[in-house]
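Read the structure below first, then the notes.
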Amino acid sequence: MELFIDQVLNGINVGVIYASVALALVLIYRTTGLLNFAQGELALFSTFITYWIAVEQDVPIWAALLLSFAVSFIGGALIERILIRPVEGAHSPLNVVIVTLGLFLAVNALAQLIFIKPGQEALRMPGFFPSGDLALGIRNSTAGFAAVLVAECVLLYLLLQKTKLGLSLRGVASNPESSRLVGINTGTMLMVGWALAAGIGAIAGSLAATRGSGFDTSLMQQILVYSFAAAALGGFDSPLGAVVGGLVVGIADSLTIQYVDALDGIELVVPFVLILVVLLVRPNGLFGRTIVERV
Amino acid sequence: MSAPLLRLHDVTAGYGPVTVLHGLDLEVAEGEVAVILGANGAGKTTTLRAILGMLDKVKGDISFDGSSINKKATQAIARSGIALVPQGRGTFGDLSVDDNLRLGAIARKDKGIGADLDRWYDMFPRLKERRDQAAGSMSGGEQQMLAIARALMSRPRLLLLDEPSLGLAPLITKDLFERLGEINRTEGLTMLVVEQNASLALAIAQRGYVLETGNIVASGEASALAADEDVRKAYLGF
Amino acid sequence: MAQPVAAGAETAIGTADPGGSTGIPWLRVVAGVIATVVALWLPFNYNPDTNTLFAQVFYLAIAAMGLNLLTGFNGQVSIGHGAFFGVGAFTSAILVVDHGWMIEATIPIAAILAAALGVVIGFPALRVKGLYLALITLGLAVLFPRVTAKFVEGPGGVPLLQPSRSEVASYFPDVLDDDQYRYFLCLAIMVLLFVAASNLMRSRAGRSMIAVRDQEVAASTVGVNVAGVKVASFALSAAYAGVAGSLSVLVDRVADASNPLIYFQRSIEFLIAVVIGGAATITGPLLGAAFLVFIRKRFEDTEALAPALLGGSLMVVIYVLPDGLVGGYRRIVARLRRRTVATPPGAGGSSGGGPGGGSGGGGTTPPILERSPGDPGGETPAGSPGDAPQRT
């Protein structure tokens with residue numbers, strides 16, 4: 001039983017990362033209607049920025065995260081405006097795939113070129129939380145990660161539900177044409193959507209980098225697959241679904257590793273099958289709205 | 001007569017390679033209700049979309065309140081005081097009625113938004129009952145009310161309505177036009193209405209235009225238009 | 001029954017290439033002859049390393065053509081073709097290492113197994129489209145090396161098979177030097193498969209593939225078996241990738257699943273070759289594969305510089321050359337032609353498939369049969385299925 005609880009806690013620890021990246025994917029899907037295959041790599045780049053500020057510039061880690069969030073926020077907005085805008089509205093899945101995969105390759109390679117010195121293997125991100133247990137066998141980092149996720153959700157909820165900016169964002173996600181008719185600059189909202197997603201990605205990546213002994217440019221690639229599974233499970237347009245989906249996928253993965261020997265080494269089957277089944281059986285996910293064809 | 005609030009001069013517009021409007025001239029004076037009549041495909045909806053800058057290629061001049069709006073983006077035109085209730089209503093289906101109305105006022109900076117909300121809830125009590133319900137779950141008539149109330153929330157100087165009676169039961173349509181007439185009388189709000197139901201629309205209008213294949217073929221005072229035997233037979237069907 | 005749509009598709013294909021056979025067929029013939037001579041002369045006058053590079057271009061071009069059949073011509077986006085390539089590579093590697101097969105004999109087996117996996121993925125693709133299909137195929141590419149690692153154990157417990165030179169045995173051991181043989185085998189199979197693809201796309205089946213891409217509903221109403229066409233496209237496309245993977249064992253003597261992302265990276269490579277060369281064209285994948293190998297070779301000393309450039313060019317090409325190198329070439333030719341010849345090209349549809357069919361020797365012949373996605377302008381008559389005017 002204790003082992004079981006340990007594995008669930010472990011699942012929550014990693015599930016928080018999946019939930020955050022899924023949240024970023026959902027924000028972009030809601031505003032621009034596209035799946036961002038480069039989301040993980042953008043988060044990777046942000047993670048290197050956090051690392052560079054914290055370690056090379058010797059800034060406290062939380063301040064470094066805040067700065068990294070800000071830089072990523074601006075970067076996300078610029079990427080949307082410059083690279084993504086031309087393929088939006090074309091409704092060509094091939095073009096979206098090409099641009100986001102091009103971004104995937106380029107950003108990953110740039111991170112390698114800029115941040116990794118020749119001969120360097122893995123980098124060590126300073127911890128955000130002191131090591132050790134909080135209580136009842138719950139690690140500080142697990143509790144801390146969960147607190148970060150809760151804070152993210154609360155802030156995002158307040159932004160979306162209680163501010164004019166949030167109302168505009170929701171309006172654009174719901175009906176872009178009507179949004180323009182009430183005077184909303186939809187282009188700006190798409191930039192804000194990407195900016196928020198990049199910022200959340202920065203947090204997710206920086207947290208993820210503290211798991212394990214070190215990180216390199218492959219940090220986010222497996223996480224991205226799990227996060228897509230989380231977003232698919234929750235529904236690509238549901239922030240709540242992303243969070244629930246992320247935690248479910250994280251716990252399921254953790255329990256699979258512990259209890260299903262047949263899947264030893266191929267735990268990735270779990271998110272893959274999840275994506276497949278959800279898309280085939282219930283494309284809107286658990287929390288997604290039903291897409292109604294408009295007249 | 002003072003300068004018109006809205007003036008279209010020699011407007012040519014369409015979609016891609018298809019030209020729908022061929023040199024259209026049209027005016028709406030401040031405070032009046034003007035109505036555009038015509039058969040399906042005559043270019044009525046295209047005219048409204050051209051005014052709001054929703055078409056790619058528009059030639060000619062469209063001016064609002066004396067300044068040209070041809071080159072402006074849709075959201076800028078909306079912010080300058082033109083509200084469109086699009087055909088098929090264009091509500092934010094998965095957002096609540098309350099959110100829909102607040103989105104109508106999203107461009108406003110003044111403090112009167114809450115008061116306006118109460119005011120239109122009083123005028124459309126059905127909306128008040130359903131203020132927390134998703135807009136898409138309401139009936140067609142209720143959504144039409146919502147779309148109009150949302151447009152009014154922006155405090156427009158000019159309200160454009162595209163086939164407000166579409167898909168509504170006759171009694172509801174009649175009620176709707178009575179309310180539109182009332183809003184025009186009490187608020188002095190200028191309206192341009194596209195409508196197939198000619199008799200109802202002409203009843204609240206001061207001016208009428210008849211559109212056929214992208215050209216105005218008849219225009220004049222609404223009462224005169226309704227009385228003109230030739231126009232009635234050929235275009236209005238009553 | 002499929003006549004109306006099919007006829008329209010034919011028109012769209014034929015007339016999209018006014019610079020082709022309508023004007024100066026002798027130019028095409030001369031180009032074909034030169035390409036053939038150069039292709040035959042090359043391997044005897046370059047060093048083995050260069051010949052190996054060319055062989056890599058050829059097998060990459062085959063894989064890219066496979067992806068092109070699916071994504072370019074049939075409209076189903078896949079970023080999982082690395083997995084089909086991997087199936088081919090491991091099939092051949094296992095057969096030559098563990099069972100002593102001749103390398104040539106493993107190629108059809110690789111094609112069949114890859115096609116079988118293609119069918120498996122093709123069925124969910126009937127219900128899941130567009131970006132979601134891309135997501136599923138992404139999962140396939142990431143999953144493949146892990147599953148392989150579970151069932152394949154190379155020396156040292158690593159899922160990495162490196163057949164020795166003697167293990168990769170050939171039916172024709174002494175005719176040519178190793179590198180020359182690899183070059184010619186890859187070239188021959190590539191030419192064979194490119195001609196086959198070219199002929200396919202001019203056949204009724206090929207027109208059905210295009211019709212499904214452009215107007216799925218319309219295609220089904222005129223009797224095209226949409227589900228059958230889609231699954232068959234997936235299988236055929238996967239088979240091409242499988243053949244490429246098999247040839248990669250001959251050329252590189254390695255089948256590797258030790259890096260969990262290697263086949264995802266392969267998938268992106270194929271996509272690069274298709275997009276930069278020109279989607280839905282016949283010569284595009286070859287040009288794209290050549291570009292890819294050139295960039296990789298040119299910047300091999302600086303790690304990560306090549307992927308940065310490739311990723312960048314992938315994005316740039318969408319904005320600058322949306323129909324790839326072939327499309328760009330075709331537009332330039334069309335512009336020159338319009339300037340010099342005042343009369344518009346005439347009955348393109350009927351003559352488009354004529355003399356071009358027999359060539360393809362060196363693989364560098366001008367485009368035979370192409371249709372650029374996203375370039376409705378110019379020569380294509382309105383009303384063809386690819387260019388239906390947007391509804392308002």
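For region B:141-194 versus region A:242-258, the spacing of their alpha-carbon centroids is 51 Å. Applying both filters, DSSP loop and at most 11 other Cβ atoms within 10 Å, to the GluC sites (Glu not before Pro) of region A:74-156 gives A:GLU121. For chain B, the longest principal axis of the alpha carbon atoms and the long axis of helix B:170-187 meet at an angle near 90°.
Once the C-beta distance of A:LEU155 and C:ARG127 is scaled by a Förster radius of 45 Å, the resulting FRET efficiency is 0.75 to the nearest 0.05. With unit charges on the beta carbon (Lys/Arg positive, Asp/Glu negative), name the residue among A:ASN108, A:VAL16, C:GLY206 whose Cα is farthest towards the positive pole of the charge dipole of the protein assembly as shown. Final value for the positive-end residue is C:GLY206. Divided by 2.2 N^0.38 Å, where N counts the residues, the Cα radius of gyration of region B:1-108 comes to 1.14. Neighbouring Cβ atoms from other chains, within 10 Å of the Cβ of residues in B:97-104, number 4 on average. Diffusion of the protein assembly as shown by Stokes-Einstein, at 10 °C in a medium of 1.306 mPa s and with Rh set to the Kirkwood radius over alpha-carbon pairs, works out to 52 µm²/s.
Computed from point charges on the beta carbon alone (+1 for Lys and Arg, -1 for Asp and Glu), the dipole magnitude for region C:265-337 about its Cα centre is near 420 Debye.
Database remark: amide H of B:VAL35 closer than 5 angstrom to the amide H of B:VAL193, B:ARG207, B:GLY208, B:TYR209 (H placed geometrically; neighbours at sequence offset of 5 or more, or on other chains; Pro and chain starts carry no H). The phi torsions of region A:237-248, fed into the Karplus equation with coefficients 6.51, -1.76 and 1.60 and a -60° offset, translate into couplings of 10, 10, x, 4, x, 4, 5, 4, x, x, 5, 4 Hz, rounded to whole numbers, with Gly and Pro shown as x.
Hull volume per residue, based on the alpha-carbon atoms of region B:8-54 and their convex hull, is 79 Å³. Separation of region A:175-191 from region A:3-78 is 27 Å, based on Cα centroids. For region C:64-171, trypsin sites (Lys or Arg not before Pro) meeting the loop criterion (DSSP other than H, G, I, E, B) and having at most 15 other Cβ atoms within 10 Å: C:ARG165.
Sequence-ordered 3J(HN,Hα) estimates for region C:289-306 from the Karplus curve with 6.51, -1.76 and 1.60 and θ = phi - 60° stand at 5, 5, 4, 4, 5, 4, 4, 4, 5, 4, 10, 5, 6, 9, 4, 6, 6, 4 Hz, glycine and proline given as x.
Percent of Cα pairs in region C:263-307 per distance bin of 10 Å, from zero to the largest separation: 31, 50, 17, 1. Based on DSSP H segments of at least four residues, each scored -39500 (n - 2.57), the protein assembly as shown has a per-residue ellipticity at 222 nm of -19000 deg cm²/dmol. For the pair A:ALA122 and C:TRP41, a Förster radius of 35 Å applied to the C-beta separation gives a FRET efficiency near 0.10, rounded to the nearest 0.05. Compute the projected area of the convex hull of the Cα atoms of region A:213-292, averaged over all viewing directions, and report it in nm² to one decimal place. With every direction weighted equally, the projected area is 6.2 nm². Partner shielding of C:264-274 amounts to 2, given as the average count of beta-carbon atoms from other chains within 10 Å of each residue beta-carbon. Average 1/r across all pairs of distinct alpha carbons in region A:17-65, invert it, and you get the Kirkwood radius: 12.0 Å.
Close amide-amide hydrogen proximity is noted between B:VAL20 and B:ALA13, B:GLY14, B:TYR15, each under 5 Å apart and 5 or more residues distant or on a separate chain (H modeled in the peptide plane; Pro and chain starts excluded). The label point for C:ILE34 and the one for C:GLN162, both projected 7 Å from the Cα toward the Cβ, are 4.2 nm apart. Summarising the strand pairing of the protein assembly as shown, around 60 percent of its internal DSSP beta bridges are antiparallel.
Distance distribution P(r), region C:101-236, all Cα-Cα pairs, bin width 5 angstrom from 0: 2, 8, 11, 15, 16, 15, 13, 10, 6, 4, 1, 0 percent. In this structure, the amide hydrogen of B:LEU6, modeled 1.01 Å from its nitrogen in the peptide plane, lies closer than 5 angstrom to those of B:VAL28, B:ASP65, counting only residues at least 5 positions away or on a different chain. Restricting the GluC sites (Glu not before Pro) of region B:1-99 to loop positions (DSSP other than H, G, I, E, B) with no more than 16 neighbouring Cβ atoms within 10 Å leaves B:GLU30.
Would you mind getting me the FRET efficiency between A:LEU255 and A:THR163? Use the beta-carbon distance for r and R0 = 41 Å, nearest 0.05. Approximately 0.60, to the nearest 0.05.
Overall dimensions of chain A, expressed as equivalent-ellipsoid semi-axes from the Cα gyration tensor (√(5λ), whole Å, largest first), are 29, 24, 19. Think of each Lys and Arg Cβ as +1 and each Asp and Glu Cβ as -1; about the Cα centre, that makes the dipole of region C:303-343 roughly 520 debye.
Note on region C:116-248: with charges restricted to the Cβ of Lys and Arg (+1) and Asp and Glu (-1), its dipole about the Cα centre is near 740 debye. Region C:69-143 and region B:111-132 have Cα centres separated by 59 Å.
A short reminder: the numbers here are calculations on the coordinates, not readings from a lab. As the structure is a prediction and not an experimental result, all values here were calculated from the model. Note that each Cβ is placed from the backbone with ideal geometry, even for glycine, and that neighbours are counted across all protein chains shown.
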